[in-house]
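Visitor: My structure is below; once you've seen it, I'll send some questions.
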Amino acid sequence: MAKHFRSMLADLLESFFRKHLVAQRGASPATVNCYRDALRLFLTFASEQAKKRPAQLRIEELDRKMVLAFLDHLERERTNSVRTRNCRLAAIHSFFHHVASRDPEVMNIASTVLGIQGKRTSKPILGYLRRSDLETILAAPDRSKPRGRRDHALLLFLARTGARVSEAIGVNVGDLTLEWPSQVLLRGKGAKQRIVPLAKDMASLLRDYLEERRVASQPQAPVFVNARGRRLSRFGVIYILRQAVSITTKPIVGTTSISPHTLRHSLAMGLLQSGVDPITIQAWLGHASLNTTHQYMEADLEMKRRALEKCDTPETTPAPYQPTDVVLAFLESL
């Protein structure tokens, strides 16, 4: 019986990723990687709790109690945010939806796991950088060295295009058009594609960078690579940005935590403050809903200040309070 369950878990994982996510849903590589990481963390945690190798786990052991313990582990020991916890839970839910459809015998286990709800989380205020702070970060890499030139090109690309990290590291040489009018093809969430314009100086910088690497004529070559010549990872991009922030001598204000997404927010805010309409910003950033773009309008304090200055608010002296009822008058006199 144990052998049957071991092979069933392996078969379910394989069919979930190869048939369900890729073949049926057409999930993007970024989505597949996200789900893979979540389930890998979950199965590693479950194997430690059960004191057996992941390949020996049975579906019966991946029950509601185990999932709840894993979610607590994410928050308490891995110090993950509520949003990250909910994303991991969403991946587990998706897998157990697949489990329920493939094997009715484990329907009860699947239904109890699917009944676990995500935690409510407050909507964070979008952090973005002022133009002077952004320029300080972009100037941080040492461009006298090849690695510094790569770091500068990457950070400038993120800041100018507003690309998500997954989109930036997924760009190949063939996705770039560096002759005027310059542009880049980005592959976003849900396998959606969009074209973003490139300024002349950005195109020139990328052209020099690719020629230095001698890959300008190789359409399938990744644009941004690590020291071993392989495509940069998400963590590699985060590390490069943190290094740039850490060596700046000027203090950065306006946001408590600077991430690659902060550069995306900063571009959106810059476009908004320059008078670009929200629909154009939505198309530029690849937002599925205009409601997402409106978050920048809500977060733009400078626009609110300008609106306040336009208001006619003469100074007045408030009249003293006068009670309007004999009972209130009595209480006022005490």
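The values are calculated or read from the model by the stated rules, or taken from the named source; none is laboratory data. None of the values given here were measured: they were computed from a predicted structure. Cβ coordinates were reconstructed from backbone atoms using ideal geometry, including for glycine residues, and neighbour counts include every protein chain displayed.
Visitor: Have a look at 93, 98 and point out the one that is buried (at least 16 other Cβ atoms within 10 Å of the Cβ), touching a residue at least 60 places away in the same chain (Cβ under 8 Å) and closer than 29 Å to residue 120 by Cβ. Give the derivation first.
Guide: Working: 93 fails: touching a residue at least 60 places away in the same chain (Cβ under 8 Å).
Just a single option satisfies the conditions, and that option is 98.
Visitor: Condition first: free of Cβ contacts under 8 Å to residues at least 24 places away in the same chain, out of contact with any helix residue (DSSP H, G or I) (no Cβ under 9 Å at 6 or more places or on another chain) and within 30 Å of residue 259 (Cα to Cα). Can you find one or more residues in segment 77-84 that meet it?
Guide: yes
Visitor: For segment 10-29, state whether one or more residues are exposed (fewer than 15 other Cβ atoms within 10 Å of the Cβ) and touching a residue at least 60 places away in the same chain (Cβ under 8 Å). Working first, answer last.
Guide: Looking only at segment 10-29, we keep the residues that are exposed (fewer than 15 other Cβ atoms within 10 Å of the Cβ), and these are 10-11, 14, 18-19, 23-26, 29.
Filter once more, keeping what is touching a residue at least 60 places away in the same chain (Cβ under 8 Å): 26, 29.
Scanning segment 10-29, I find at least one residue that is exposed (fewer than 15 other Cβ atoms within 10 Å of the Cβ) and touching a residue at least 60 places away in the same chain (Cβ under 8 Å), so the answer is yes.
Visitor: Considering only segment 20-64, state which residues are in contact with a Ser or Thr (Cβ under 9 Å, 6 or more places away or on another chain), among the basic types (Lys, Arg) and assigned to a helix (DSSP H, G or I).
Guide: Residue satisfying the conditions is 64 alone.
Visitor: Among the residues of segment 174-183, is there at least one that is within 17 Å of residue 268 (Cβ to Cβ) and surrounded by 17 or more Cβ atoms within 10 Å (Cβ to Cβ)?
Guide: First, pick out the residues of segment 174-183 that are within 17 Å of residue 268 (Cβ to Cβ): none.
No, every residue in segment 174-183 fails to be within 17 Å of residue 268 (Cβ to Cβ) and surrounded by 17 or more Cβ atoms within 10 Å (Cβ to Cβ).
Visitor: Still on this structure, please answer the following. Return the only residue of 177, 136 being within 27 Å of residue 257 (Cβ to Cβ) and either modelled with pLDDT of 95 or more or more than 19 Å from the chain's Cα centre (by Cα) (or both). Lay out the reasoning, then the answer.
Guide: Details: 177 fails: within 27 Å of residue 257 (Cβ to Cβ).
Criteria check complete, one pass: 136.
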